[in-house]
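Data block below; observations after.
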Amino acid sequence: MNASSQEMFDTNKQNVSFLQQALQHSDDLLVREITRDGNAGVLVYIESLTDASQLEKHVLDPLSQSNPTELSTLFTTIQAKESIDLQQGIKSLLNGYTLYFEDGIRRFYLLETPSHYERSITEPENESIIRGTHNGFIESLSVNLHLIRKQVNSPELTVRYYELGKTTTRKAAVIYMHNQAEEEVVRKVISRIQRITLDHIMFTGFVQEMIEDNPYSLFPQHLMTERPDHTNAYLMNGHVAIMLDGDPTALILPVSFFAFYKTPDDYNNRWMVASFTRLTRMLSFILAFQLPAIYIATVSFHSSILPLKLFFTVQGSLTRVPFPPLIEALLLELIFELLREAGLRLPSRVGQTIGIVGGLVIGDAIVKAGLVSYPMIIVVALTAISSFLIPSYEMGSAVRLLRFPLMIAASLFGFLGISFGLAILFMHLCKLESYGKPYFEPLAPLTLKGWKDTFVRFPVWTLRQKTKRSNTRRE
Amino acid sequence: MAKMEKTITARQLFFLVIQTQIGVSVLKIPHKVNEIARGGSGISIIIAGLITQALILMMWLLLKKYPGKNLYQILLGMAGPIFGRILIVSYAAHFILLGANIMISATDIIHRWLLVSTPKWVLLALFSYLAYFLAREKLSVLARFDTLACLLFIPLVLFVGYGLNEAHIENMLPLLEQGYFKIFTGAKDVTLAIYGFEILLVVYPFIKADNKQILWSMTAANSFTTFFYLFVVEVCLLAFSHDQLKLMPEPVIYLMKSMNFYIFDRADIVFVPIWSITTICSLVSYVYSAALGFSDIFKKSNHHLFSALSVTISFAIAFVPVTPSAMEKLDKIAEYMAYVFIALIPLVLLLISLISLKKKEGR
């Protein structure tokens, strides 16, 4: 597409041949000639993108009617536009439109006849919950917006469309509640989206990487979810969602670190239970990356910290292992990562076999062979389980990566290494800001009010809904 | 000149100040005070707290007269560009020296208690890197981290409080064994440990609060530190006798060492890493203050490079003294420098500003 606009030619033939040339004489570009009231007309459409029944009902039927009417009121498709710009015609063709040319009229018609093939609305597999709505986003933006609108029937819900990409364009939607979202954040999001200059946007991940504040940080700064109820909850709290046509993932922003540890289940359970499970999840954050480090530091530096009986137990199984604890841990972690990745890419029936072979056979044999000690197996297994407790896949992966530097620090400097490693981690988290919002709130800056819905969940009536437009809260 | 954005709240100031005040010396203070004041150590600490409060009041009076300016800019305005810059450099040197002092003591303690065979320069490098990592950031990030790190006081207080199990009231009696004079001299040693409130001189224009709130949070911070020290010292005095304390340079760690909980023995191994984080916080404050001074001299709005510079100098200084007597000498230098920079110069500035304001009113 070199020229941004191209005025149409005089004859149908010229127009059609221009379109055919522009679309490389592709075989699925169909041209159908008809006569209406003695005038030669031509329908042009891409077969693979057009719905045959719509074409027949709303375009061909009206055209074949005997009584002549004005063209502009003839077509019964939902959208029927007139244009004289062939470039616009090409764009519309690629979006499933049918073009109608007629000799003697210096304009043509763009008729909306796209075909839709959509998967049914099912619960996303990686974000299943126990109670609550069991629907999920699918690969169609309009269906996704439908799912959102249906739950949020408020006039404040605002949707803004943007075209992303230069070679192939994708429709993106920025969704927010006008009275809840902070103006500043919305403005930042929109200006960043408009600045994206990639040739093609394939995944939501592309958008995320183009608009996030700190691309060099390990931590995800947008919450990715495929759940409409999750998205709606955030929208109602003044967050902004970005969705891409053809992708079931919603990007939610600005989010804090702790958003990745919340699930819709928290709000369907009774609040005490919900608080308990949330605390368990927080504990899993600590365990997921610190446990191996603590173990390494303990056995290689500070074994005097262990009470005497425990010391003998641990020491007894350690004496048979020829490697230093770090190597031992890295070996097991490597095995675990291999198993995880293998299980992920295989069909689920074979995946189970992998789990049995990996977990039982290798785990048992590796200790019997004297390569790894039993306590280390326990530690690594606990770590692995903890890392799966995190509801967000992105955050889970980030935390899984974190334990490697911490393990190395622990093996170099013992407990001091761990505390310094954690200090660096928390300094980094304190530094992160997402769209002008501190990422580690409500821990840093410390706002006790925010704790009501962070580590625990207070009863719903204490979580006051606030309108952010009127009082913009800043640290 | 750095653009003065109001970035921290009065509450964050509170945490910033206590983190700057409470550093290495918390481990040593019971030993030091006990040498002079014995049973009256607690009184010494309260006296030191009161002196500090007076100094805070003085600084506050000075800063109040120059809204939107910190000490460096006041110096530049008052003493002229050349002499002012010399003064700023000496202030920065003072902060760097204090930073180096912290690093020396901290690495010394870690070297003796935790990582016996790790070379000291490695520990110094670790401290330096961490200090640089945080000191190059905005003040609001510093304040956030300090606030977060204050959560560590909870385990610290619990650990130290556990030492009350071994308390014997007769250990700390009689209170006035050494006489009032000794108790006052003891207060002088404590004052060194309470230093850190001078960070107010540097961060004053960044605080998003009115003067009254600032004074309140400074007072609250100082009281917190004083009472924290008081608590630590009294626990140590109760748990150990004078003769024992004389032999222990870091009585708090000894106290930890003797404890055992059911899941772990040797609480000192957990205690020292936690304590080292609060040490880093005060180190960071000093490095940041020095870096801010440099950026004021060179009229740069960015202090990245200068914090790297300050950390490097601190590292170099901390590298020099290897013998205990050299360390003690450095301690003494830092102490006397502190008298000049924290008490004398602000006092002179305050007097000058009072006189000059009087003159203006007279006209």
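Per-residue HN-Hα couplings for region B:86-103, Karplus 6.51 cos²θ - 1.76 cosθ + 1.60 at θ = phi - 60°, whole Hz, x for Gly and Pro?
4, 5, 4, 4, 5, 4, 4, 4, 4, 5, 4, 5, 4, x, 4, 4, 4, 4
Please give the solvent-accessible surface of A:Asp27 in Å², to the nearest 10, using a probe radius of 1.4 Å with every protein chain present.
Result for A:Asp27: roughly 140 Å² accessible.
Enter the mean number of other protein chain beta carbons within 10 Å of the beta carbon of each residue in A:423-433, as an integer.
Numbers: counts 11, 4, 0, 6, 12, 5, 3, 12, 10, 1, 3.
The shielding value for this peptide is 6.
Would you list, by chain and number, the aspartates and glutamates whose Cα falls below 12 Å from the Cα of A:Lys188, excluding same-chain residues fewer than 8 positions away?
A:Glu212, A:Asp213
Quick one: dipole size for region A:367-451, taken about the Cα centre, charges +1 on Lys/Arg Cβ and -1 on Asp/Glu Cβ, in debye to the nearest 20. Mind dumping the intermediate values first?
Numbers: 6 positive and 3 negative charges, 26 e Å.
For this selection, approximately 120 debye.
What is the Rg over Rh value, at two decimals, for region B:10-353, using alpha-carbon atoms and the Kirkwood definition of Rh? List each step's numbers first, then the result.
Values: Rg = 19.6 Å, Rh = 20.4 Å.
Ratio of gyration radius to Kirkwood radius: 0.96.
So what are region A:227-386's ellipsoid semi-axes, whole angstrom, largest first, if each one is the square root of 5 times an eigenvalue of the alpha-carbon gyration tensor? Numbers along the way, then the final one.
Working: eigenvalues 295, 97, 37 Å².
Ellipsoid semi-axes (Å, largest first): 38, 22, 14.
Would you please give the residues with an amide H less than 5 Å from that of A:Leu306, counting only those at least 5 places away or on a separate chain, with H modeled from the backbone geometry?
HN-HN under 5 Å from A:Leu306: B:Asp265.
Which pairs break 30 Å Cα to Cα here: A:Lys309/B:Lys246; A:Lys262/A:Lys437; B:Lys120/B:Lys208? Don't skip to the end; give the middle numbers.
Values: A:Lys309/B:Lys246 35 Å; A:Lys262/A:Lys437 18 Å; B:Lys120/B:Lys208 40 Å.
Checking Cα-Cα distances, A:Lys309/B:Lys246; B:Lys120/B:Lys208 exceed 30 Å.
Helix-only mean residue ellipticity at 222 nm, chain B, DSSP H runs n ≥ 4 weighted -39,500 (n - 2.57), per residue, nearest 500. What is it? Before the final figure, lay out each step's value.
Numbers: 16 runs with 272 residues, N = 363.
Result for chain B: -25000 deg cm²/dmol, rounded to the nearest 500.
Using the Cα centre as the reference, give the magnitude of the dipole from point charges on the C-beta atoms of region A:12-112 (Lys, Arg: +1; Asp, Glu: -1; all else neutral), rounded to the nearest 20 debye. All intermediate terms of the calculation are to be shown ahead of the outcome.
Values: 8 positive and 14 negative charges, 50 e Å.
The dipole magnitude comes to about 240 debye.
Of A:Thr197, A:Pro228, A:Asn179, which is farthest towards the positive pole of region A:125-255's charge dipole, taken about the Cα centre with +1 and -1 on the beta-carbons of Lys, Arg and Asp, Glu respectively?
Sorting the options by dipole projection puts first A:Asn179.
With a cut-off of 8 Å between alpha carbons and a minimum separation of six or more residues, what is the relative contact order of region A:326-475 in percent?
Numbers: 72 pairs, mean separation 17.9, N = 150.
Here the relative contact order equals 12 percent.
In whole percent, how big is the carbon plus sulfur part of the accessible area of the protein assembly as shown, probe 1.4 Å, protein atoms only?
Details: 23940 of 38210 Å².
Roughly 63 percent, rounded to a whole number.
How would A:Ser419, A:Ser5 line up by accessible area, probe 1.4 Å, largest first?
Numbers: A:Ser419 15, A:Ser5 70 Å².
Largest to smallest exposure gives the sequence A:Ser5, A:Ser419.
So for chain B, averaging the separation of alpha carbon pairs under 8 Å that are six or more residues apart and normalising by length, what relative contact order in percent results? It would help to have the intermediate numbers written out before the result.
Values: 517 pairs, mean separation 147.6, N = 363.
Answer for chain B is 41 percent.
If the reach is capped at under 16 angstrom between alpha carbons, list the lysines near B:Lys188, excluding any in the same chain fewer than eight residues apart.
B:Lys28, B:Lys32, B:Lys332
Under 10 Å, Cα contacts only: if you run a Gaussian network model on chain B, which one of B:Arg11, B:Arg112, B:Arg85 comes out with the highest mean-square fluctuation?
B:Arg112
Sort out for me the Cα centre separation of region A:272-339 from region A:176-207, rounded to whole Å.
42 Å
Rolling a 1.4 angstrom probe over the protein chains, ignoring ligands and nucleic acids, what is the accessible area of A:Lys166 in square angstrom, nearest 10?
Rounded to the nearest 10, that gives 140 Å².
Could you work out [θ]222 nm for chain A from helices alone, using -39500 (n - 2.57) per DSSP H run of at least four and dividing by all its residues? Round to the nearest 500 deg cm²/dmol.
Numbers: 15 runs with 198 residues, N = 475.
Computed ellipticity for chain A at 222 nm equals -13500 deg cm²/dmol.
Can you list the chymotrypsin sites (Phe, Trp or Tyr not before Pro) in region A:194-254 that are in a DSSP coil and have 11 or fewer other beta carbons within 10 angstrom?
Numbers: sites: A:Phe203, A:Phe206, A:Tyr216, A:Tyr234; in loops: A:Phe203, A:Tyr216.
Loop-located and lightly packed - A:Tyr216.
Just need the relative contact order of chain A here, percent rounded to a whole number, with Cα pairs under 8 Å and 6+ apart.
Details: 719 pairs, mean separation 64.4, N = 475.
The value is 14 percent.
Evaluated at 10 °C with a viscosity of 1.306 mPa s, what Stokes-Einstein diffusion coefficient in µm²/s does the protein assembly as shown have when Rh comes from the Kirkwood expression over alpha-carbon pairs?
Numbers: Rh = 31.7 Å.
Calculated translational D: 50 µm²/s.
Rank B:Tyr229, B:Val141, B:Leu75 by how far each Cα sits towards the positive end of the charge dipole of region B:10-353 (+1 on Lys, Arg Cβ; -1 on Asp, Glu Cβ) and give me just the farthest.
Farthest towards the positive end: B:Leu75.
What do you get for GluC sites (Glu not before Pro) in region A:45-141 restricted to DSSP loop and a cutoff of at most 13 other Cβ within 10 Å of the site's Cβ?
Values: sites: A:Glu47, A:Glu56, A:Glu70, A:Glu82, A:Glu102, A:Glu112, A:Glu118, A:Glu125, A:Glu127, A:Glu139; in loops: A:Glu70, A:Glu118, A:Glu139.
Answer by residue number: A:Glu70, A:Glu118.
Computed FRET efficiency, Cβ-Cβ of B:Glu328 and A:Asn179, R0 56 Å: what is it to the nearest 0.05?
Values: r = 65 Å, r/R0 = 1.16.
E between B:Glu328 and A:Asn179, to the nearest 0.05, is 0.30.
Explain nothing, just the number: dipole magnitude of region A:125-255 about its Cα centre with +1 on each Lys and Arg Cβ and -1 on each Asp and Glu Cβ, in debye rounded to the nearest 20. Please list the in-between numbers first.
Values: 12 positive and 16 negative charges, 59 e Å.
I would put it at about 280 debye.
How well do other chains shield peptide A:400-413, expressed as the mean number of their Cβ atoms within 10 Å of each residue Cβ? Before the final figure, lay out the partial values.
Working: counts 0, 0, 0, 0, 0, 0, 0, 0, 0, 1, 0, 0, 4, 8.
Mean partner-chain Cβ count within 10 Å for A:400-413: 1.
For a Förster distance of 51 Å, can you work out the FRET efficiency between the beta-carbons of A:Ser397 and B:Phe261, rounded to the nearest 0.05? Please list the in-between numbers first.
Values: r = 35 Å, r/R0 = 0.69.
The pair A:Ser397/B:Phe261 has a calculated efficiency of 0.90.
Along Cα→Cβ, 7 Å out, is where each label goes; now give me the distance between the ones at A:Thr169 and B:Lys246 in nm to one decimal.
8.9 nm
Per Stokes-Einstein, at 25 °C and 0.890 mPa s, what whole-number D in µm² s⁻¹ belongs to chain A, with the Kirkwood radius over Cα pairs as the hydrodynamic radius?
On the way: Rh = 26.7 Å.
Translational D for this selection: 92 µm²/s.
Using a 1.4 angstrom probe on the protein heavy atoms only, line up A:Tyr393, A:Tyr109 by accessible area, largest first. Could the numbers behind the result be given before it?
Numbers: A:Tyr393 130, A:Tyr109 5 Å².
My answer, sorted largest first, is A:Tyr393, A:Tyr109.
Work out the charge dipole of chain B with +1 on the Cβ of Lys and Arg and -1 on the Cβ of Asp and Glu about the Cα centre, then indicate which of B:Met259, B:Ser301, B:Ala343 is farthest towards its positive end.
Value computed over the given set: B:Ser301.
Determine the shielding of peptide B:125-134 by partner chains: average, over its residues, the number of Cβ atoms on other chains within 10 angstrom of each Cβ.
Across the residues of B:125-134, the mean count of other-chain Cβ atoms within 10 Å is 3.
Label points 7 Å out from Cα along the Cβ direction at A:Leu49 and B:Asn211: separation in nm?
7.0 nm
If R0 is 56 Å, what FRET efficiency do you get for A:Ser120 and B:Leu151 from their C-beta distance, rounded to 0.05? Write down the numbers at each step before the final one.
Working: r = 48 Å, r/R0 = 0.86.
The formula returns an efficiency of 0.70 here.
The values are calculated or read from the model by the stated rules, or taken from the named source; none is laboratory data. Predicted model, so just to flag it, every value in this text is computed and none were measured. Note that we place each Cβ from the backbone using ideal geometry, even for glycine, and neighbour counts take in every protein chain shown. We work out accessible area using only protein heavy atoms, side chains counted, and drop any ligands, DNA or RNA first. Shrake-Rupley method; radii C 1.70, N 1.55, O 1.52, S 1.80 Å.
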